[in-house]
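K.L.:
Before I ask anything, let me first share the structure, which is written out below as structure tokens.
The values are calculated or read from the model by the stated rules, or taken from the named source; none is laboratory data. Please read all numbers here as calculations on a predicted model, not as lab measurements. As a convention, Cβ positions derive from the backbone with ideal geometry for all residues, glycine included, and neighbour counts pool all protein chains shown.
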Amino acid sequence: MQGCGNVRVLIVGMGNIGRTLLEIGEFEKVYFYDTADINVRGAIKLAEFFVPEDVDAVVECASSEAVKKFSFDILEAGKDFLVLSTSAFADRSFREAFFERLQRSTSRLIIPSGAVGGLDVVVALGKDMVEKVLLETRKPSVSLGMEASEQRVVFEGNAENAALLFPKNMNVAATLGLVVGFEKVHVRLVADPWLSYNVHILTVESKIGKYRFEMENFPSPSNPKTSAITAYSALKSLKDRCGESKILIG
Ligand SMILES: NC(=O)c1ccc[n+]([C@@H]2O[C@H](COP(=O)([O-])OP(=O)(O)OC[C@H]3O[C@@H](n4cnc5c(N)ncnc54)[C@H](O)[C@@H]3O)[C@@H](O)[C@H]2O)c1
């Protein structure tokens, strides 16, 4: 697959995912904005947030607060907007305002599959075909900020509440909620003291088939909450939308 050599991006959040993207993306030009006082080689730091005119896309890999804070400026600038902190969309009033504004913008919203596989199937089925989605997420207790000696269900309920209560851990639930409707996604979050990686078991019931996907995602070395696959998934989505690939799969 060819790279993003002709793509200029603004990366919001130069943490674990941002740095990996910078390393593997081979972009023509990278700007970044981060609230932390950091410098990185190969990217132009913005002292204050703004959308440079020459960027093709803005990549958010910061936090759900950042999505809420900067979205409308990005839509105003008409740039393609790739969002990883999809938990932001669990906030209903933000969600409604965002999608209303998106309709009047030339921007496109790009949501990578991130840490969850099978999203291609869920998207292909669409809201009307999907009857029910069950997402069971199992994470090491420590990455949920807990010290436990046994497995514990820390949350059970719909995707909206899951992402509102655990924004850093439940982006996957919010992404599924956006595709099929938040009320159709039932989430169970389990803290497991013996796990060293993140597990998502996705079960989809639809009018034309039943599907089950199981992911064992190794955590990023620099942020155990984040699965290492996420940055690669973001790059794949960027290449599909803005890159030079002649072949698009998935
Ligand atoms: N969609 C998915 O499947 C998925 C998977 C993993 C992580 N994520 C999300 O992606 C985001 C980034 O993950 P990460 O592992 O790189 O996190 P990280 O903590 O390593 O890096 C985040 C960076 O963003 C910066 N930041 C935070 N809020 C900001 C703001 N308001 N403005 C500017 N900069 C800000 C921080 O200073 C930090 O440098 C997180 O919100 C995480 O929950 C999504």
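K.L.:
Name the pairs: first residue in region 164-175 and of a type in the set (Lys, Arg), second residue near the ligand (Cβ under 9 Å from one of its atoms), Cβ to Cβ under 8 Å, at least 6 apart or on different chains?
P.N.:
Partner pairs satisfying both residue conditions: LYS168/SER63; LYS168/SER87; LYS168/LYS225.
K.L.:
Identify the residue in region 59-81 that is surrounded by fewer than 19 Cβ atoms within 10 Å (Cβ to Cβ) and of a type in the set (Gly, Ala, Ser) and, among all such residues, is farthest from the ligand (Cβ to nearest atom). Steps first, answer last, please.
P.N.:
Restricting attention to region 59-81, the residues satisfying the condition of being surrounded by fewer than 19 Cβ atoms within 10 Å (Cβ to Cβ) are 65, 68-69, 72-73, 76-78.
Of the ones still in play, those that are also of a type in the set (Gly, Ala, Ser) are 77-78.
Values: ALA77: 17, GLY78: 21 Å.
Only one residue tops the list, namely GLY78.
K.L.:
Of the residues VAL55, VAL83, which is touching a residue at least 40 places away in the same chain (Cβ under 8 Å) and of a type outside the set (Gly, Ala, Ser)? Give the steps one after another, and end with the answer.
P.N.:
Numbers: VAL83 fails: touching a residue at least 40 places away in the same chain (Cβ under 8 Å).
Going through VAL55, VAL83 in turn, just one is touching a residue at least 40 places away in the same chain (Cβ under 8 Å) and of a type outside the set (Gly, Ala, Ser): VAL55.
K.L.:
Condition first: within 8 Å of the ligand (Cβ to nearest atom), over 11 Å from LEU82 (Cβ atoms) and not hydrophobic (A, V, I, L, M, F, W, C). Now tell me which residues in region 104-125 satisfy that. Before you say what the answer is, go through the steps one by one.
P.N.:
Taking region 104-125 first, the residues within 8 Å of the ligand (Cβ to nearest atom) are 111-116.
This time we only want the ones that are over 11 Å from LEU82 (Cβ atoms), so: 113, 115-116.
The one that is within 8 Å of the ligand (Cβ to nearest atom), over 11 Å from LEU82 (Cβ atoms) and not hydrophobic (A, V, I, L, M, F, W, C): SER113.
K.L.:
Still on this structure, I have one more. Quick check on region 180-202: of everything there that is in contact (Cβ under 8 Å) with a residue 60 or more places away in the chain and surrounded by 20 or more Cβ atoms within 10 Å (Cβ to Cβ), which residue is nearest to ILE229 (Cα to Cα)?
P.N.:
Step one: filter region 180-202 for residues in contact (Cβ under 8 Å) with a residue 60 or more places away in the chain, giving 182, 198-202.
Within this subset, residues satisfying the condition of being surrounded by 20 or more Cβ atoms within 10 Å (Cβ to Cβ) are 182, 198, 200, 202.
Numbers: PHE182: 24, ASN198: 11, HIS200: 13, LEU202: 17 Å.
Within region 180-202, the match that is nearest to ILE229 (Cα to Cα) is ASN198.
K.L.:
Go through (1) polar (S, T, N, Q); (2) more than 8 Å from the ligand (Cβ to nearest atom); (3) in contact with a Pro (Cβ under 8 Å, 6 or more places away or on another chain) for ASN6 and report which single condition fails.
P.N.:
(3)
K.L.:
Let me ask something additional. What do you reckon, is VAL172 buried (at least 20 other Cβ atoms within 10 Å of the Cβ) and either touching a helix residue (DSSP H, G or I) at 6+ places or on another chain (Cβ under 7 Å) or β-branched (Val, Ile, Thr) (or both)?
P.N.:
Values: buried (at least 20 other Cβ atoms within 10 Å of the Cβ): yes; either touching a helix residue (DSSP H, G or I) at 6+ places or on another chain (Cβ under 7 Å) or β-branched (Val, Ile, Thr) (or both): yes.
When the stated conditions are applied, VAL172 passes them.
K.L.:
Here's a follow-up. Got a sec? Which of GLU205, GLU214 is part of a strand (DSSP E or B) and without any contact (Cβ under 8 Å) to a residue 24 or more places away in the chain?
P.N.:
Numbers: GLU205 fails: without any contact (Cβ under 8 Å) to a residue 24 or more places away in the chain.
Of GLU205, GLU214, the one residue that is part of a strand (DSSP E or B) and without any contact (Cβ under 8 Å) to a residue 24 or more places away in the chain is GLU214.
K.L.:
Let me ask you something else. Is there a residue being in contact with a Leu (Cβ under 7 Å, 6 or more places away or on another chain), surrounded by 13 or more Cβ atoms within 10 Å (Cβ to Cβ), within 16 Å of PHE182 (Cβ to Cβ) and of a type in the set (A, V, I, L, M) anywhere in region 114-132? Before you say what the answer is, go through the steps one by one.
P.N.:
Step one: list which residues in region 114-132 are in contact with a Leu (Cβ under 7 Å, 6 or more places away or on another chain), which gives 114, 116, 118, 122.
Filter once more, keeping what is surrounded by 13 or more Cβ atoms within 10 Å (Cβ to Cβ): 114, 116, 118, 122.
Then keep just the ones that are within 16 Å of PHE182 (Cβ to Cβ); that gives 116, 122.
Retained after the next criterion (residues that are of a type in the set (A, V, I, L, M)): 116, 122.
Checking region 114-132: at least one residue is in contact with a Leu (Cβ under 7 Å, 6 or more places away or on another chain), surrounded by 13 or more Cβ atoms within 10 Å (Cβ to Cβ), within 16 Å of PHE182 (Cβ to Cβ) and of a type in the set (A, V, I, L, M).
K.L.:
Here is a further query. Inside region 193-250, can you point out the residues that are at pLDDT below 95, of a type in the set (Lys, Arg) and in contact with a Leu (Cβ under 9 Å, 6 or more places away or on another chain)?
P.N.:
LYS225, LYS239, ARG241
K.L.:
Checking ALA36 against (1) within 9 Å of the ligand (Cβ to nearest atom); (2) farther than 27 Å from PHE218 by Cβ, which single condition isn't satisfied?
P.N.:
(2)
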